[in-house]
Amino acid sequence: MNKKLSLEHAVEAFAGFMVLLSVVLTYFVHPGFVWLTVFVGVNLFQQSFTGFCPAAIVMQKAFGLKTEAEMAASAA
């Protein structure tokens, strides 16, 4: 099965990675890195209401990722 990564799943994976990275940095480097976790959480929260996600825009332009709706439309 050759399943391509959708934009939505890429954003979720990136957010998860950033949270894990910020926890590691907070523990091993400096407690101030906890604010990176807060930043990621706030971005996810506002994106759920507004639909605006800067990371999605960057991933779409840089990697050419398509949304699930675009992928479904092209498969039909």
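Nothing in this text is a laboratory measurement; each read-out follows from the coordinates by a stated rule. Not measured: the values here are computed from a predicted model. Cβ placement follows ideal geometry from the backbone for every residue including glycine, while neighbour counts extend to all protein chains displayed.
If you take just the helices (runs of 4 or more DSSP H) that sit entirely in the chain, which of them hold at least 1 residues that are under 14 Å from the mean Cα position of the chain (by Cα)?
Details: elements: 7-28, 34-50, 54-63, 68-75.
Correct list: 7-28, 34-50, 54-63.
Looking only at residues of segment 20-76 that are surrounded by fewer than 11 Cβ atoms within 10 Å (Cβ to Cβ) and among the polar types (S, T, N, Q), we find that the one that is nearest to Leu5 (Cα to Cα) is Ser74.
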